[in-house]
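Only one structure is covered here, and it is reproduced in the block below.
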Amino acid sequence: MIPSRRNFLRLAAAGTAAVGLGGTRLFAGNHGGVGAAAVQGSPQALRIPPLFAGGTITARMAQQNVWPDIATEVWTYGGSYPAPTIRVRSGERFTAQFSNMLPDHSNIHWHGLLNPHNMDGHPNDVFENGASYTYSFAVAQRAGTYWYHPHPHMMTGPQVYRGMAGFFIVEDDEENALGLPASEYDVPLLIQDRRSEAGRQFSYILDDAAQLDGYLGDEVLANGTPDAFLEVARGLYRFRLLNGSNARIYQVALSDNSAFHVIGTDGGLLDRPYEVTNSMLAPAERLDVLIDFSRFAIGDSVTLKTLRYQGGTGRQQGAEMAILRFDVKRDGGSGGAMPATLATIEKLNPDAAVRQRDFTLRTDDGSSPPMHMINDRMFDMDRIDETVHLGDLEVWSFTNATLYPHPMHLHGAQFQVMDRNGNTALEPRDMGWKDTIYLPAYSTARVAVKFGPYAGVYLVHCHNLEHEDHGMMLNYETTLNDSAVEDRDADASRMELR
Ligand code: C2O
Ligand code: CU
Ligand code: CU
């Protein structure tokens, strides 16, 4: 009796397998034999987020057809996923009345912008459902690709995952004079991975594995578009790549392995274009690139993808995935050109630093849930962990003592990378002004940072959002130093004399 039952089960299993294979063959036959890739989804034109120039911005839930024919519940700024793109000229004041209609407290952090601390979106400054707050600040920074997202303590991961992230692009005269590709040839590209399971909803269910590796998806969305394609002309394009993923680290490349040029990083343009065939891009980092499609013929396609790489941990971290397919459709182009030189970057001199601080990153992966620490501390909202002086130049050294990668990010200041594991030869992605640095497993990097322009309490944290939410964050306070106080007094007395 028992053997026959076992045989029956074996036959049943074989039968299921046969039906499955037959089904697959039939499907492939109907679609001209294009194979497994076509079964994944149908290509959609790249979404371009709406523009927002200031005014009321409401955080609220919405329904959106992220995948065709399926309504996904998204959390948004202003009803749109991705969040609207903000474009501001350096020197202008930007004002947004934030109104929170989410079933959760929230706020806005302007990532990469140097703002007074009460405008920075610190997790201490959050607003309940029904509350509002006016963010208003003068944008004094050089042109660059910055961004915005919520920053509530322990809730940044789920809120960003559900859709809340957008570009904050700053323009200035120096950049405009370069004649780089503009308007439709200047494409902000938000890169995020999502789990296509769970009925194609942005459900965020954190288990120990996701708290350890970060919340990783199986599909990459470009500007919120799965299976995205963009029709391009045979000309030069600027793409502002932003890794807005919770945890996925990309190694971006073109599918034909051809070269493109890096022209900028987190804090704006580099000194000149640098030719590469690929580049790492960790969460929160930006990479401003020029891609020249003139070498392709009309009818050709080439895909921006992430390469398979070593050292990834967790669910498909380091897997090869498509990001955006370019379909070359027509002649013509932007008229934009690639200049030989780009911007002047004031080089910080680390020899003049007043001190070096060391930060060691550790993960307790034996505990459940796992914990992430900086210098053996987990984040405490009300504890100031480091005190620095406004205007001081310091060297900050980050050591990743774990097998998990950690992208480290600073609020309130931009920095310059000095070396990695003592090596001062930098790849383009580490050049220029940065606010986030990718730290692979068991590695050290040093950055030079000059604190300012504002005093106040700011953050240093890992931008793997699950690490950030679960401990890997510290407060540092920029204070007026003695000489600054003296200067202020001196100014006051001068004014009295007048
Ligand atoms: Cu984009 Cu504190 O983060
Ligand atoms: Cu930030
Ligand atoms: Cu981390």
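The values are calculated or read from the model by the stated rules, or taken from the named source; none is laboratory data. Only a predicted model underlies this, so the values are computations on that prediction, with no experimental measurement involved. Ideal geometry is used to build each Cβ from the backbone, glycine not excepted, and the neighbour counts take in all protein chains shown. These area figures cover heavy atoms from the full protein model, side chains too; ligands, DNA and RNA do not enter into them. Shrake-Rupley method; radii C 1.70, N 1.55, O 1.52, S 1.80 Å.
Structural remarks
- A Förster distance of 25 Å, applied to the separation of the beta-carbon atoms of LYS347 and SER443, puts the FRET efficiency at 0.60.
- Distant-in-sequence amide H partners of LEU459 (H built 1.01 Å from N, under 5 Å): HIS411, TYR476
- In terms of its alpha-carbon gyration tensor, segment 247-367 comes out oblate; a/c meets the 1.5 threshold, while b/c is at least as large as a/b.
- Accessible solvent surface per residue of segment 24-174, calculated while the other protein chains remain in place, 1.4 angstrom probe, Å²: 40 Å²
- Charge dipole of segment 24-174 (Cα centre as origin; +1 on each Lys and Arg Cβ, -1 on each Asp and Glu Cβ, all else neutral): 400 debye, rounded to the nearest 20.
- Cα gyration tensor shape for the chain, rounded if a/c is under 1.5, else prolate or oblate: prolate
- Listed values for segment 417-428 are Karplus-derived 3J(HN,Hα) couplings in whole Hz (6.51 cos²θ - 1.76 cosθ + 1.60, θ = phi - 60°), namely 6, 9, 7, 10, 6, x, 8, 8, 7, 9, 7, x, and x replaces Gly and Pro.
- A prolate overall shape is assigned to segment 24-174, the ratio a/c of its alpha-carbon gyration tensor axes (a ≥ b ≥ c) being 1.5 or greater and a/b exceeding b/c.
- Scanning residues 5 or more positions from GLY391 or on other chains, those with amide H under 5 Å from its amide H are PHE451, GLY452, with H placed 1.01 Å from N in the peptide plane.
- When every Cα-Cα distance of segment 178-243 is counted in 5 angstrom steps from zero, the calculated P(r) takes the values 4, 14, 19, 19, 14, 10, 8, 7, 4, 1 percent.
- Computed with a 1.4 Å probe over protein heavy atoms only, the accessible surface of segment 427-472 comes to 23 Å² per residue.
- Cα-based reach from LYS305 at 18 Å (exclusive), listing aspartates and glutamates while leaving out same-chain residues under 8 positions away: ASP193, ASP218, GLU219, ASP227, GLU231, ASP256, GLU275, GLU285, ASP288, ASP292, GLU320, ASP327
- Based on Cα contacts under 8 Å between residues 6+ apart, segment 24-174 shows a relative contact order of 24 percent.
- Just the protein heavy atoms count here, and of the accessible area of the chain at 1.4 Å, carbon and sulfur take up 52 percent.
- The angle between the Cα long axis of helix 2-30 and the longest principal axis of the Cα atoms of the chain comes to about 70 degrees, rounded to the nearest 10.
- Computed from the C-beta positions of MET381 and ALA337, the FRET efficiency with R₀ = 41 Å rounds to 0.25.
- Cβ-Cβ distance of SER132 and ARG357, R₀ of 30 Å, FRET efficiency by 1/(1 + (r/R0)^6): the value works out to about 0.20.
- Cβ charges +1 (Lys, Arg) and -1 (Asp, Glu), total dipole of the chain, debye: 1860 debye
- Relative to the dominant Cα principal axis of the chain, helix 482-497 is inclined by about 50°.
- Once C-alpha pairs closer than 8 Å and six or more residues apart are averaged by separation and normalised to the residue number of the chain, the relative contact order reads 14 percent.
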